[in-house]
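Novice: Before I ask anything, here is the structure I am working with.
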Amino acid sequence: MVRGAAGVDVVVIGAGQAGLSGAYHLARAGVGYVVLDHAPRPGGAWQFRWPSLTYGKVHGMHSLPGMELTGADPGRPSSAVIGEYFAAYEERFGLRVRRPVNVTAVRDGGSDGRLRVETSAGTWSARALINATGTWDRPFWPRYAGQETFRGRQLHTANYPGPQEFAGARVLVVGGGTSAVQHLLEIAEVAAGTTWVTRRPPVFRDGSFGEAEGRAAVALVDERVRQGLPPQSVVSVTGLPLNEAVRAGLASGVLDRRPMFDRITPTGAAWADGRQVEADVILWATGFRAAIDHLAPLHLREPGGGIRVEGTRAVRDERIHLVGYGPSASTIGANRAGGAAVREIRRLLERGAAGAGGTDGVHGADRTDARRPDPVPSVRPA
């Protein structure tokens with residue numbers, strides 16, 4: 001046991017979809033655990049989404065294991081709907097998440113084979129760890145020549161306030177993903193003008209996207225993770241869904257994409273062929289990176305820059321499981337990954353690879369309510 005640390009079998013970092021799924025399966029298995037979440041309230045990254053992203057616009061929200069999300073008003077902000085759902089889920093299964101707690105570092109605890117999890121609320125000693133920190137805390141900001149000279153406003157999807165703040169402005173949106181398309185479609189209704197630029201031509205997906213297509217897309221992301229490369233999002237290999245709103249945007253010219261500019265000017269952007277565009281705002285819808293810097297002391301990264309993972313297990317350290325990372329970075333993927341991680345962790349604990357660990361009085365075998373989820377009532381967010 002690490003001196004001065006609270007002992008527990010498993011530490012779960014993050015209380016979004018992946019973290020709550022992992023906690024649910026740990027509770028059912030009777031494994032002692034604690035969930036540490038840096039957010040101020042339930043809802044994972046969803047609580048930080050912009051108000052105009054209503055629940056009806058959410059692409060593919062899958063219910064957590066054991067409790068369906070039903071009856072949600074599609075016109076309400078997704079941050080409110082999913083935040084309330086996560087809060088009800090935590091209460092239903094007794095997943096008393098500790099928040100706000102910032103995890104600063106995870107280290108090897110020494111000769112006893114345990115992990116030392118250092119946080120703003122003290123230190124935990126654990127036999128295994130489920131990392132479910134997602135990507136929201138690491139927005140990716142590309143760098144271009146002249147960027148520091150731009151006299152307008154620059155912001156990222158991570159702090160996008162909704163379309164109302166862009167009324168009358170000329171807005172340059174950078175990025176080829178779903179968020180960029182959503183931003184453009186609603187900003188165009190109030191802005192003086194919009195320009196869309198991407199590094200590669202966007203690919204729009206027409207028709208159904210079934211189970212076979214989903215498996216193929218996940219396999220492409222999984223292969224990168226197996227090679228130790230930084231993961232791509234599943235959406236990046238599926239294309240953009242060609243729904244009614246997107247069709248209207250293409251027809252109106254709002255989604256008329258331009259290739260990536262070469263430099264940023266004080267008043268906009270410029271291309272090598274002499275073309276220029278004036279802008280008051282540059283909105284970087286350029287995605288996110290995995291928030292895993294706290295794992296750096298364990299030296300898990302491969303030369304390619306990512307953490308090599310088999311299933312959910314870090315190849316360099318079998319005590320570490322990453323859920324919501326790479327191929328499991330979707331709501332249904334996170335659910336499955338949570339269960340898979342717990343099955344492997346149970347085998348690790350049963351082998352006695354790290355010795356017996358205390359439960360610090362939390363979420364252990366006495367949590368019979370959490371281990372018996374049936375019958376399961378549906379939840380209808382107010």
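The values are calculated or read from the model by the stated rules, or taken from the named source; none is laboratory data. If you're wondering where the values come from, they're calculated on a predicted model, not measured in any experiment. Every residue, glycine among them, receives a Cβ derived from its backbone with ideal geometry; neighbour counts consider all protein chains shown.
Novice: Residue by residue through segment 311-335, note down the ones that are at pLDDT below 90 and more than 15 Å from the chain's Cα centre (by Cα).
Specialist: Selection gives Gly311 alone.
Novice: Has segment 88-109 got at least one residue that is among the polar types (S, T, N, Q) and surrounded by fewer than 17 Cβ atoms within 10 Å (Cβ to Cβ)?
Specialist: Scanning segment 88-109, I find at least one residue that is among the polar types (S, T, N, Q) and surrounded by fewer than 17 Cβ atoms within 10 Å (Cβ to Cβ), so the answer is yes.
Novice: Can we say Ala105 is assigned to a strand (DSSP E or B) and either modelled with pLDDT of 95 or more or more than 23 Å from Ser63 (Cβ to Cβ) (or both)? Quick ask: steps written out before the conclusion?
Specialist: On the way: assigned to a strand (DSSP E or B): yes; either modelled with pLDDT of 95 or more or more than 23 Å from Ser63 (Cβ to Cβ) (or both): yes.
Spelling it out, Ala105 is indeed assigned to a strand (DSSP E or B) and either modelled with pLDDT of 95 or more or more than 23 Å from Ser63 (Cβ to Cβ) (or both).
Novice: Continuing with the same structure: State the number of residues belonging to segment 110-124 that are outside any loop (DSSP other than H, G, I, E, B) and surrounded by fewer than 19 Cβ atoms within 10 Å (Cβ to Cβ). Step through it out loud before you land on a result.
Specialist: Going residue by residue through segment 110-124, those that are outside any loop (DSSP other than H, G, I, E, B) are 115-119, 122-124.
Among the residues that remain, those that are also surrounded by fewer than 19 Cβ atoms within 10 Å (Cβ to Cβ) are: 118, 122-123.
Qualifying residue count, segment 110-124: 3.
Each row is one residue, and each column tells you yes or no for (1) modelled with pLDDT under 95; (2) over 30 Å from Val103 (Cβ atoms); (3) in the same structural domain as Asn131 (by TED's automatic domain parsing); (4) surrounded by 14 or more Cβ atoms within 10 Å (Cβ to Cβ).
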residue	(1), (2), (3), (4)
Ala188	no, yes, no, yes
Ala191	no, yes, no, yes
Gly214	yes, yes, no, yes
Ala217	yes, yes, no, yes
Ser233	yes, no, no, yes
Gly249	no, yes, no, yes
Ser252	no, yes, no, no
Ala269	no, yes, no, yes
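Novice: Output the number of the condition that Ala121 fails; it satisfies all remaining conditions of (1) touching a strand residue (DSSP E or B) at 6+ places or on another chain (Cβ under 6 Å); (2) over 27 Å from Gly326 (Cα atoms); (3) hydrophobic (A, V, I, L, M, F, W, C).
Specialist: All conditions are met except number (1).
Novice: When only residues in segment 237-247 that are under 30 Å from Arg308 (Cα atoms) and surrounded by fewer than 17 Cβ atoms within 10 Å (Cβ to Cβ) count, which is modelled with the lowest pLDDT?
Specialist: Ranking the candidates gives Val237 first.
Novice: Still on this structure, please answer the following. Please verify whether Tyr24 is surrounded by 20 or more Cβ atoms within 10 Å (Cβ to Cβ), among the hydroxyl-bearing types (Ser, Thr, Tyr), in contact with a Phe, Trp or Tyr (Cβ under 8 Å, 6 or more places away or on another chain) and not assigned by TED's automatic domain parsing to the domain that holds Ala188, treating the condition exactly as stated.
Specialist: yes
Novice: Consider segment 58-94. How many of its residues are among the basic types (Lys, Arg) and out of contact with any helix residue (DSSP H, G or I) (no Cβ under 7 Å at 6 or more places or on another chain)?
Specialist: Selection size over segment 58-94: 1.
Novice: Please state which one of Asp73, Asp37 is of a type outside the set (Gly, Ala, Ser), within 15 Å of Leu129 (Cα to Cα) and modelled with pLDDT of 90 or more.
Specialist: Only one candidate qualifies: Asp37.
Novice: Taking segment 166-180, which residues are modelled with pLDDT of 95 or more and of a type outside the set (Gly, Ala, Ser)?
Specialist: The answer is Phe166, Arg170, Val171, Leu172, Val173, Val174.
Novice: I'm told Gly66 meets every condition in (1) touching a strand residue (DSSP E or B) at 6+ places or on another chain (Cβ under 8 Å); (2) at pLDDT below 95 except one. Can you identify the failing condition by its number?
Specialist: Among (1) touching a strand residue (DSSP E or B) at 6+ places or on another chain (Cβ under 8 Å); (2) at pLDDT below 95, Gly66 violates only (1).
Novice: Is it fair to say Val277 is over 15 Å from Gly228 (Cα atoms), surrounded by fewer than 22 Cβ atoms within 10 Å (Cβ to Cβ) and either more than 21 Å from the chain's Cα centre (by Cα) or without any contact (Cβ under 8 Å) to a residue 40 or more places away in the chain (or both)?
Specialist: For Val277, the condition - over 15 Å from Gly228 (Cα atoms), surrounded by fewer than 22 Cβ atoms within 10 Å (Cβ to Cβ) and either more than 21 Å from the chain's Cα centre (by Cα) or without any contact (Cβ under 8 Å) to a residue 40 or more places away in the chain (or both) - is met.
Novice: What number of residues within segment 47-87 satisfy the criterion of being surrounded by 15 or more Cβ atoms within 10 Å (Cβ to Cβ) and of a type in the set (Gly, Ala, Ser)?
Specialist: Of the residues in segment 47-87, 9 are surrounded by 15 or more Cβ atoms within 10 Å (Cβ to Cβ) and of a type in the set (Gly, Ala, Ser).
Novice: Pro40 fails exactly one of the following numbered conditions: (1) of a type outside the set (Asp, Glu); (2) crowded, with 17+ Cβ neighbours inside 10 Å; (3) in a loop (DSSP other than H, G, I, E, B). What is the number of that condition?
Specialist: (2)
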